[in-house]
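The values are calculated or read from the model by the stated rules, or taken from the named source; none is laboratory data. Model, not experiment: these values are computed from the prediction. Ideal geometry is used to build each Cβ from the backbone, glycine not excepted, and the neighbour counts take in all protein chains shown. Accessible surface areas use protein heavy atoms only, side chains included; no ligands, DNA or RNA. Shrake-Rupley method; radii C 1.70, N 1.55, O 1.52, S 1.80 Å.
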Amino acid sequence: MKTNYTRLPKEHPTRTMTHRVAGAVGVALLLMTGLAAAQDAPAVTPAVTPATANAKLPAKAVVQDGFLVHNTVDLGGHIVGISGSGSMYDTLVNIQSGPRVLGQTMTLRSVPGSKHTLFDSLTGFSNGFGGDPLNVVKLDFSKGKVYEFSGLWRRDRQYFDYDLFGNPNIPGGQSIPIGVNGSLGKYAWPQVLQSPEMFNTVRRMTDLDVTIFPLSKVTFHVGYSRNVFLGPRSIPGAYETAKTSMLFQEMENNITNEYRGGVDWKPLQQTMVSFEEVVNRYHNDSYFILNPNQYTVQEANGLPVSFGNWDSQTPYAASNCNTTSMVTPGVILTSASGSAGLPVVDPACSVISSYTRYQPTHILTPSELLRFQSSSIHNLAMNGIFRYTAATANLLSYNENFQGLDGAIRTEAYTGSGSARRQNVGIDFGATYQLTQKFSFSDQFDFSNVRIPGTGTFSGVSESIPAAAIAAKQETINYAGVLTPGVVAIVGQAPNGLPLPNYLGTRILRNNASVTWDITPRAMLTVTYHYGTRFIGQKVAAYAGTPSVLTFPVTNVNIDTNGGIANIALRPTNHWNINGTFEAYYSNNAFTPVGARQTEIYRVHSSWKPKAWASFATSYIDTEHHNNTNNITPGTAPEQGPLQHVDHSRVFGLSANLAPSEHYSFDFSYGYSDVYTSTNMCYLNGATPTLPGTAVVNSAGQPALCPGVFVRGSTTLLSSWGPTKDFMDAPTQYASASLLVSPNKAIQANLGYTISAVSGNQFFNDARQVNGSLQSAYQSPFVHVAWTVHPDWIFKADYNYYGYGEGGPSGAPLCSTTTSLTAIVVPCNSPSLAPYPTGLTEPSSGLTAPRNFHANLVTLSMHYEF
C-alpha cells in the first residue's frame with residue numbers, strides 16, 4: 001500500500017538540492033571565517049569615532065536610546081544522510097537537510113534613570129525556522145508597575161508511520177487472475193506495507209497574556225490561546241459501510257480558541273482572592289474521503305474504483321460479484337490495463353466509486369473559577385477553588401455518502417444531527433494548621449459533579465437496482481434506469497430517524513487528612529488517610545418493539561476507596577537527603593474489567609552531594625494494580641471470568657554529575673522501566689486450512705478450548721482457543737553519558753552517547769504477529785564542538801548519529817490450522833506449516849516493510865552577538 005502524503009517538498013529536498021545547500025553553507029562559513037580572521041589581524045586603524053565604535057562587534061550589551069541592548073543569532077544548516085526506512089526516521093527524528101535560523105535572542109532593559117513610554121524591559125527568542133519540525137517564538141515585555149505582556153507561539157509538525165501498528169498482516173504473493181484462467185496476467189492483491197494509522201499533521205499554538213497593575217492590590221489579567229491542528233491522516237474505518245471495510249483519508253481541521261479574563265484582589269498582605277472567566281470554543285471541521293491509494297482498479301469507461309476490504313486476508317473473489325449479470329461468468333478482472341493504466345473490473349462486481357463523510361462538531365465551554373489563598377491567620381494556611389462549567393456540543397449535520405455497487409445497492413446516504421450538554425460543579429479546598437512546633441495537620445478535599453445529557457438523531461436511505469432489472473441481468477454499476485429508494489437501518493441508533501436521548505453522570509469526592517511530625521531536625525514523618533467515593537450513572541435509551549416504545553436501561557456503579565499514605569523524609573548528613581513514600585488503596589468495585597481494585601505505590605528518592613563539584617541522585621517508583629474480580633455476568637458465557645488482571649509500572653533511575661574543573665565535566669544517567677499487564681482471556685483463533693492461527697494447550701499438552709465456545713453462534717463448530725493469559729511486558733533500559741572538555745576559553749567540546757533498548761514480549765493471538773518495537777534499540781552518539789574566534793563570534797559543529805533496529809524473529813510458539821477437540825498443534829516454525837508465514841518464520845519486520853534505519857546528521861552554525 002502506498003500513500004500520497006508521506007512527504008512534504010520542503011522537508012525532503014532532492015539530492016541535487018542537498019548538495020547545493022551543503023555547498024552554500026560551506027561557502028558561507030568560509031566567508032565568515034575569513035571575515036573573523038581579518039578582524040583579528042593587526043592593522044593600522046584611524047581614530048575611533050562614535051560611528052566606528054557602533055560598527056565594532058560588541059562583546060557585551062551596549063547602551064542605545066536609553067536601553068541596554070544585547071542580541072544574538074545562530075545561523076547555519078543541516079546536512080542529513082539516511083539509509084534504511086525513511087518513514088521511521090521521520091517518525092522518530094524528522095530533521096531534514098537545509099539552511100536554518102537555528103536560534104535568535106534579543107534583550108532590551110531600561111538604563112536606570114531613563115524614561116520610556118511603552119516598555120522598560122523586552123526579551124524574546126526563537127528557534128528552528130527554515131524547516132525544522134519544532135519552532136518556538138517567545139516575546140515578553142513590561143512597563144514597571146503598569147503592565148506585563150507574555151506571548152508564545154509554537155509550531156509542531158508530527159509525522160507517524162510505524163507500519164506494524166494496526167497492520168492486518170496480509171501475506172504477500174496473493175493475486176487475482178485477469179481474464180479467463182489468467183490469460184491476461186495477474187493482479188497482485190495489495191499487501192499492507194505501511195500503517196493504516198498514519199499522519200502528517202501540524203499544530204500551530206499561540207498564547208497571549210497581559211497583566212494590568214501586577215503589584216497593586218487589584219490586578220487584572222486577560223489572555224487568549226489558539227490551537228490549530230491541520231493535515232492529512234490515514235485511518236481505517238471503525239465500521240463497515242456497504243458491506244465493505246474501507247481505509248479512509250481524514251483531512252484534520254481542528255481549531256480551538258480560548259479567551260480568559262480575571263481579577264485578583266489582595267485585601268491583606270498574605271491573602272488573595274481571584275475570579276476568572278474562561279471561554280473555550282472548539283471547532284472540528286474535519287472530513288473523510290476514501291484513501292486515494294485505494295483506487296486500484298477501474299471500470300471499462302475509465303472510472304477509478306476500489307475493491308474495499310483493504311484488510312482482507314484473501315483476495316477479492318467472484319462471490320463479491322452478481323454472477324448472473326457478469327460479462328464473463330467467473331472472471332472478475334476482464335482486462336489487464338485500461339485507459340487509466342489500471343486493471344478493468346467486470347461491471348457486475350461490487351466496488352466503491354466515491355465515499356465522503358462530513359460531521360462538523362462545535363463545542364462551547366464557558367467556565368467560572370473563584371480562587372482564594374491565605375496565610376494571614378497565625379499558623380493557618382488555606383487555598384481553594386470553586387469552578388462551574390456549562391458546556392454545549394453540537395453536531396450540526398452528519399452527512400455520509402457511498403456510491404458504487406454493493407449487490408443491488410448503488411448509493412447509500414446517512415444524515416443526522418446531535419447535541420449534548422456538560423455541566424460540572426467542582427470544589428477543591430486545602431488547609432494546613434501548625435498545631436505545635438513539631439506537629440501540623442492538613443486536609444485536602446476535592447469534589448466534582450458532572451452531568452452529560454445528549455440526544456442523537458440519524459437516518460439512512462439507499463437507492464438500489466429494481467428487481468425487474470436484476471431479473472434482466474442488468475445488476476451492474478452502469479445501470480442507467482430508475483433506482484428504487486429504500487431505508488437503511490443504522491446499528492445502535494433509533495429506527496426511522498427517531499431521537500435517541502442518553503445520559504452520563506459521575507460524582508467524585510476525595511479527602512486526604514494528614515498529620516506531619518518533625519521528629520528531629522533531620523527526620524520528618526507524614527501519615528495520610530485517604531477516602532474516596534465515585535458514582536457513575538448511565539441511561540442508555542433504546543427503542544423496544546414498536547418505534548413508539550422508548551426504554552431507558554439504567555446502569556449505576558458505586559466505587560468506594562479507602563487507603564493510606566506514609567511518607568518519611570530523612571537528612572542523615574548535610575549533603576544527603578532521602579525521601580520515601582508508601583501508598584495503599586482498596587476499592588470495593590471497578591468501572592471497567594481491568595480497572596484497579598487494589599493499588600500499591602512505592603517511591604524512594606535520594607540525593608547526595610559529597611563535594612561542591614560532585615552530585616548523585618537515584619529514584620525508584622513502583623506502581624501495582626490488581627483486579628481479581630470474577631467478571632461473570634448472569635446469563636453469559638463463563639469464559640468472561642475470572643479476570644485476575646494485574647499490571648505494574650516499575651521505574652528506577654540514577655544520575656551523576658562531576659565537574660572537578662572548569663576545563664572538563666562528566667554527566668551520566670541510567671534508567672530502567674518495566675511496564676507489564678496481564679489478564680485472563682479467551683480469543684478467536686482465526687485458523688483456516690490455509691492460514692495458521694495461534695494455539696494453546698492445557699497441562700496435558702492437548703488443545704485447550706474456551707468454555708462456552710458454542711455460544712458465539714455455532715452449534716457444531718469450535719472457533720476459540722484458550723483460556724490463556726494475555727500479557728505484554730516492556731522492560732526498557734536507558735543510558736546516557738557525556739563528557740564536556742574545554743582546554744581553553746576558545747575551544748569547547750561535548751561528546752556523548754545515548755541509548756534506549758527494549759527487551760519485551762507479548763501474547764500473540766495472531767500467528768503472523770512479531771514483537772516489533774518490543775524488541776528494539778534506538779541509539780545516538782553525538783559530538784558538539786564550539787570555537788570562539790571572537791567574544792561575539794562562535795563557530796559550532798554538531799554531529800548526531802541516529803540508529804534504530806529491531807530484534808530477530810519472534811511470535812507465537814504454537815500454531816494450528818484448525819480449531820477442534822482433535823486439532824493438531826505444532827510449533828509455529830514447524831515445516832508442516834510451510835509455506836504459510838508465522839512470526840517465527842518471518843523476518844523481524846513481519847509482513848511489513850523493514851523499519852530499521854540509521855542516519856548521519858551534521859549541523860554547522862555560527863553564533864553572533866551584537
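Miscellaneous remarks
- Enumeration of residues in segment 811-836 that are assigned to a loop (DSSP other than H, G, I, E, B) and open to solvent by less than 30 Å² (accessible area, probe 1.4 Å): 811, 812, 819, 823, 828, 830
- Segment 249-269 residues that are within 14 Å of residue 208 (Cβ to Cβ) and part of a strand (DSSP E or B), paired with ones that are open to solvent by less than 40 Å² (accessible area, probe 1.4 Å) and charged (D, E, K, R) (beta carbon under 8 Å, 6 or more apart): 260/276; 261/276
- Residues in segment 464-482 that are touching a residue at least 24 places away in the same chain (Cβ under 8 Å) and surrounded by 17 or more Cβ atoms within 10 Å (Cβ to Cβ): 464, 465, 470, 474, 475, 476, 477, 479.
- Odd one out for residue 302, checked against (1) part of a strand (DSSP E or B); (2) free of Cβ contacts under 8 Å to residues at least 40 places away in the same chain; (3) farther than 29 Å from residue 146 by Cα: (1)
- For segment 683-712, residues that are closer than 19 Å to residue 837 by Cα, in a loop (DSSP other than H, G, I, E, B) and either open to solvent by 80 Å² or more (accessible area, probe 1.4 Å) or at pLDDT 85 or above (or both) total 5.
- Test for residue 540: is it within 20 Å of residue 591 (Cα to Cα), open to solvent by less than 30 Å² (accessible area, probe 1.4 Å) and not charged (D, E, K, R): no
- Of the residues examined, residue 128 is one that is within 18 Å of residue 799 (Cα to Cα), under 24 Å from the mean Cα position of the chain (by Cα), surrounded by 16 or more Cβ atoms within 10 Å (Cβ to Cβ) and of a type in the set (Gly, Ala, Ser).
- On inspection, residue 808 fails the criterion of being in a loop (DSSP other than H, G, I, E, B), farther than 30 Å from residue 128 by Cβ and open to solvent by less than 20 Å² (accessible area, probe 1.4 Å).
- Taken together, 458, 447 contain a single residue that is of a type in the set (Phe, Trp, Tyr) and either modelled with pLDDT of 95 or more or touching a Lys or Arg at 6+ places or on another chain (Cβ under 7 Å) (or both), which is 447.
- Failed item in (1) at pLDDT 95 or above; (2) crowded, with 16+ Cβ neighbours inside 10 Å, with residue 316 passing the rest: (1)
- Across segment 641-654, the qualifying residues are those that are open to solvent by 50 Å² or more (accessible area, probe 1.4 Å) and at pLDDT 95 or above, and the one among them that is farthest from residue 720 (Cα to Cα) is 654.
- Looking across 866, 795, 853, one residue alone is open to solvent by 50 Å² or more (accessible area, probe 1.4 Å), of a type outside the set (A, V, I, L, M) and more than 25 Å from residue 729 (Cβ to Cβ). It is 866.
- Inside segment 413-461, residues that are within 30 Å of residue 496 (Cα to Cα), among the aliphatic types (A, V, I, L, M) and open to solvent by 60 Å² or more (accessible area, probe 1.4 Å) make up a count of 1.
- Selected residue (only one of 305, 297 is in contact with a Ser or Thr (Cβ under 6 Å, 6 or more places away or on another chain) and open to solvent by less than 20 Å² (accessible area, probe 1.4 Å)): 305
- Of the residues examined, residue 795 is one that is closer than 29 Å to residue 80 by Cα and touching a residue at least 60 places away in the same chain (Cβ under 8 Å).
- All positions within segment 305-324 that are of a type outside the set (Gly, Ala, Ser) and part of a loop (DSSP other than H, G, I, E, B): 307, 309, 310, 311, 313, 314, 315, 316, 322
- Scanning segment 747-790 for residues that are out of contact with any strand residue (DSSP E or B) (no Cβ under 7 Å at 6 or more places or on another chain), buried (at least 20 other Cβ atoms within 10 Å of the Cβ) and not charged (D, E, K, R) yields 769, 770.
- Checked against (1) loosely packed, with under 15 Cβ neighbours inside 10 Å; (2) in contact (Cβ under 8 Å) with a residue 24 or more places away in the chain, residue 327 meets all criteria but (2).
- Selection of segment 831-863 for residues being within 16 Å of residue 90 (Cα to Cα) and in contact with a Leu (Cβ under 7 Å, 6 or more places away or on another chain) yields only 849.
- Annotation note: of 124, 172, 151, the sole residue that is small (Gly, Ala, Ser), in contact (Cβ under 8 Å) with a residue 12 or more places away in the chain and not in a strand (DSSP E or B) is 172.
- Within segment 625-640, the presence of at least one residue that is open to solvent by less than 30 Å² (accessible area, probe 1.4 Å), modelled with pLDDT under 95 and closer than 30 Å to residue 814 by Cβ is confirmed.
- Conditions (1) in a strand (DSSP E or B); (2) open to solvent by less than 50 Å² (accessible area, probe 1.4 Å); (3) aromatic (Phe, Trp, Tyr); (4) modelled with pLDDT of 95 or more: number failed by residue 141: (2)
- Any chance residue 70 is more than 27 Å from the chain's Cα centre (by Cα), in a strand (DSSP E or B) and either surrounded by 17 or more Cβ atoms within 10 Å (Cβ to Cβ) or not aliphatic (A, V, I, L, M) (or both): yes
- When segment 483-496 is limited to residues that are in a strand (DSSP E or B) and at pLDDT 90 or above, the one that is surrounded by the most Cβ atoms within 10 Å (Cβ to Cβ) turns out to be 484.
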